[in-house]
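Readers should treat all values here as calculations from the given coordinates under stated rules, not as data from a laboratory. Since the structure is predicted, the reported quantities are computational estimates derived from the model, not experimental observations. Using ideal geometry, Cβ is built from the backbone for each residue, glycine included, and neighbour counts are taken over all protein chains shown.
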Amino acid sequence: PPVYRQRYWKIYEILVQENLRNNVKKLVDFGCGEFSLFSYIKRLNVEEMVFVDIDEALMVRNIDRLEPFIVDRLKRRSSPLVVTALRGSAADPDYRLRKTDVVTAIEIIEHLYPDTLDALPYNVFQFVRPKLAIFTTPNADFNVVFGRMRGAMRHPDHKFEWTRQQFEDWAHNITERFVDYTVEFSGLGIGPEHLDQIGCCSQVATFTRKDVLDESYISPTYAKHCHCDKTSPCQ
Ligand code: SAM
């Protein structure tokens, strides 16, 4: 499947696991765009989903995607789901985001100006304080696959694209400042076999609040610079 679909599946898979472990009731999706994630996760046993984006016009154009489909009416959820769309910035605290268990931020950080990117961790890890926060962003190491010149971006609105090392540095800087969180890295969208060492198309950082890590949780091991979901490390 295309990488964008793999992203939503990946989030779905993480959430299924998280639900089993930590009983997720409320989820916030920052930079939700066209609400594409919703159809992948709407059957999850979650009570509330909040979709936040800075672009109100985009949300209004796509708001119908939050309505139940016919199939949803025929095959109803066993429990109610409250879905809210909010216009706002991922960097701004909002009391409606309190008591959130999971934050997702799919391909949004690379769209943020430096001041917003600086403010974002305070909102997510100090104000919202979810049990789990999942960030995805393009892996710049992978751009050679697209035949791009060094430094060229995948999208005109991208303010940056980070290598795996840069993304790791950003995430570790967060866990150094917000010490009750730990982070793990993975990837999605595997490239050609002969370019194994460049990692995956997108990179994923999964932050977990330490107090919810239970003893049954086995941390996945990844090679230092390999973020691929492969059974054996790339290098
Ligand atoms: N997450 C969605 C997905 O993967 O389908 C959309 C990703 S799109 C590439 C990036 C989104 O981030 C856009 O919808 C944009 O409006 C939104 N965005 C940019 N700056 C933002 C901010 N400060 N707060 C919230 N959303 C923002």
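Laid out as a table, the results:
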item: Sequence ranges 75-85, 124-134, 153-163, ranked by mean other-Cβ count within 10 angstrom, highest first; result: 124-134, 153-163, 75-85
item: Global geometry of the range 100-140, whether rounded, prolate or oblate, following the gyration tensor of its Cα atoms and the 1.5 cut on a/c; result: oblate
item: Pairwise centroid distance, computed over Cα atoms, of the range 15-56 with the range 118-177, Å; result: 20 Å
item: Value in Å of the Kirkwood radius, where the range 84-181 supplies the Cα pairs that are averaged; result: 14.7 Å
item: The chain, Cα convex hull volume normalised per residue, Å³; result: 137 Å³
item: Charge context of R76, other residues only, Cβ under 14 angstrom, K/R +1, D/E -1; result: +4
item: Per-residue [θ]222 nm for the chain (sum of -39500 (n - 2.57) over DSSP H runs n ≥ 4, rounded to 500); result: -7000 deg cm²/dmol
item: Degrees between helix 3-22 axis and first principal axis of the chain (Cα, 0 to 90, nearest 10); result: 60 degrees
item: Debye log10 I(q)/I(0) at q = 0.16, 0.18, 0.27, 0.30 Å⁻¹ for the range 25-78, Cα point scatterers; result: -0.49, -0.62, -1.15, -1.28
item: Cross-link pairs K25/K159; K10/K131; K99/K159; K75/K210 - those with Cα-Cα distance over 29 Å; result: K25/K159; K99/K159; K75/K210
item: Order of E184, E56, E110 - criterion: other Cβ atoms within 10 Å of each residue's Cβ, fewest first; result: E56, E184, E110
item: Least to most buried among R61, R164 (fewest other Cβ within 10 Å first); result: R61, R164
item: Tensor-based shape of the range 1-111 (alpha-carbon gyration tensor, a/c under 1.5 rounded, otherwise prolate or oblate); result: rounded
